[in-house]
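Trainee: One structure, pasted below without further comment.
No value in this document is a laboratory result; all are computed from the given coordinates. Here the structure is a predicted model, which means the values were calculated and not measured. As a convention, Cβ positions derive from the backbone with ideal geometry for all residues, glycine included, and neighbour counts pool all protein chains shown.
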Amino acid sequence: MSTLSFRPLRPEEDAPLVHGWATQPRGRFWGMADKSVEEVRDIYAFVDSLEAHWAWIAEQDGRPVALVQTYEPEHDPVAEVYAVQPGDVGAHVFVAPGEDALAVACGIFTWLFGDPSVQRLVGEPDAANRAILHRLEQTGFELGERVPIGDKDAQLVYLTRERFGALIG
């Protein structure tokens with residue numbers, strides 16, 4: 001896979017794209033299955049207004065291949081269920097249908113660890129999403145505790161810079 005590029009998600013422009021991805025059956029855990037394009041736009045306009053949360057579109061050769069949301073865990077409800085460490089960055093990743101999920105995810109993680117201040121990636125996917133938990137383990141994430149976050153039964157997952165570096169050589 002060629003190198004991925006990243007740009008901020010543009011709510012007005014990207015809402016139809018994200019809606020198309022997130023409303024497919026495989027997107028049910030993203031929580032937008034019943035949302036309209038306008039509601040998706042409004043959700044990402046809200047995310048865009050936050051100071052510690054960001055949404056990105058990952059592209060390969062100018063073609064969108066993933067949605068990436070990053071956040072500072074200390075400014076998120078996840079901070080109530082685990083001990084945030086310096087260098088932690090939260091991430092949610094939605095790989096576009098038809099893409100090589102492992103290759104895209106590795107490209108995203110390489111980009112995130114390109115910031116030397118990032119020491120560990122933290123996520124909290126739905127514990128019922130066995131497919132994504134398996135995929136995360138394939139990319140080096142270690143499973144943490146199962147915890148309630150809002151109305152979700154979440155599975156904490158962690159990937160340290162050292163572990164990722166060892167896996168990709």
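Trainee: Return the sequence-ordered ³J(HN,Hα) values of the range 54-71 in whole Hz as given by the Karplus equation 6.51 cos²θ - 1.76 cosθ + 1.60 applied to θ = phi - 60°, using x for Gly and Pro.
Mentor: 3J(HN,Hα) across the range 54-71, in whole Hz: 9, 10, 10, 10, 8, 10, 10, 6, x, 9, x, 10, 6, 9, 10, 10, 10, 7.
Trainee: Give the peptides 101-111, 22-32 in descending order of average Cβ contacts within 10 Å, highest first.
Mentor: On the way: 101-111: 19.0, 22-32: 15.1.
Those peptides, ordered most packed to least, come out 101-111, 22-32.
Trainee: What does the charge dipole of the range 4-168 about its Cα centre add up to, to the nearest 20 debye, if the Cβ of each Lys and Arg holds +1 and the Cβ of each Asp and Glu holds -1?
Mentor: Working: 14 positive and 27 negative charges, 112 e Å.
For this selection, approximately 540 debye.
Trainee: Show me 61-70, 76-85 ranked by packing, highest mean number of other Cβ atoms within 10 Å first. The partial results should precede the final answer.
Mentor: Working: 61-70: 16.8, 76-85: 14.3.
Those peptides, ordered most packed to least, come out 61-70, 76-85.
Trainee: Which number do you get for Rg(Cα) / (2.2 N^0.38 Å) in the range 4-168? If you can, show how the numbers build up before the last one.
Mentor: On the way: Rg = 15.0 Å, N = 165, 2.2 N^0.38 = 15.3 Å.
Normalised Rg, Cα atoms only: 0.98.
Trainee: What are the ³J(HN,Hα) values, in whole Hz, obtained from phi via the Karplus relation 6.51 cos²θ - 1.76 cosθ + 1.60 with θ = phi - 60°, for each residue of the range 156-161 in sequence order, with x given for Gly and Pro?
Mentor: Values per residue, Gly and Pro as x: 5, 9, 9, 9, 7, 4 Hz.
Trainee: I need the peptides 46-53, 139-146 ranked by packing, meaning the mean over residues of other C-beta atoms within 10 angstrom, with the highest value on top. Spell out each step's value before the answer.
Mentor: Numbers: 46-53: 12.2, 139-146: 16.0.
The packing order, highest mean first, is 139-146, 46-53.
Trainee: Please work out the Cα center distance from the range 129-169 to the range 1-37, rounded to the nearest Å.
Mentor: The distance from the Cα centre of the range 129-169 to that of the range 1-37 comes to 21 Å.
Trainee: Oh, and also: Could you tell me the extents of the range 13-95's C-alpha atoms along the three principal axes, largest first, rounded to whole Å?
Mentor: For the range 13-95, the Cα extents along the three principal axes come out at 35, 31, 25 Å.
Trainee: Treat every Asp and Glu Cβ in the range 22-69 as -1 and every Lys and Arg Cβ as +1, leave all other atoms uncharged, and give the resulting dipole magnitude about the Cα centre to the nearest 20 debye. Kindly include the intermediate steps, with their values, before the conclusion.
Mentor: Numbers: 5 positive and 8 negative charges, 56 e Å.
Its charge dipole is roughly 260 debye.
Trainee: Taking the simple approach of a point 7 Å from Cα along Cα-to-Cβ for both E51 and R26, what is their distance in nm?
Mentor: 3.8 nm
Trainee: Looking at F29, H134, V78, which one has the Cα that reaches farthest to the positive end of the dipole of the chain (charges on Cβ: Lys, Arg +1; Asp, Glu -1)?
Mentor: Farthest towards the positive pole: H134.
Trainee: Counting only helical runs of four or more DSSP H residues, what would the 222 nm mean residue ellipticity of the chain come to if each run contributes -39,500 (n - 2.57) and the total is spread over all its residues?
Mentor: Working: 5 runs with 55 residues, N = 169.
It comes out at -10000 deg cm²/dmol, rounded to the nearest 500.
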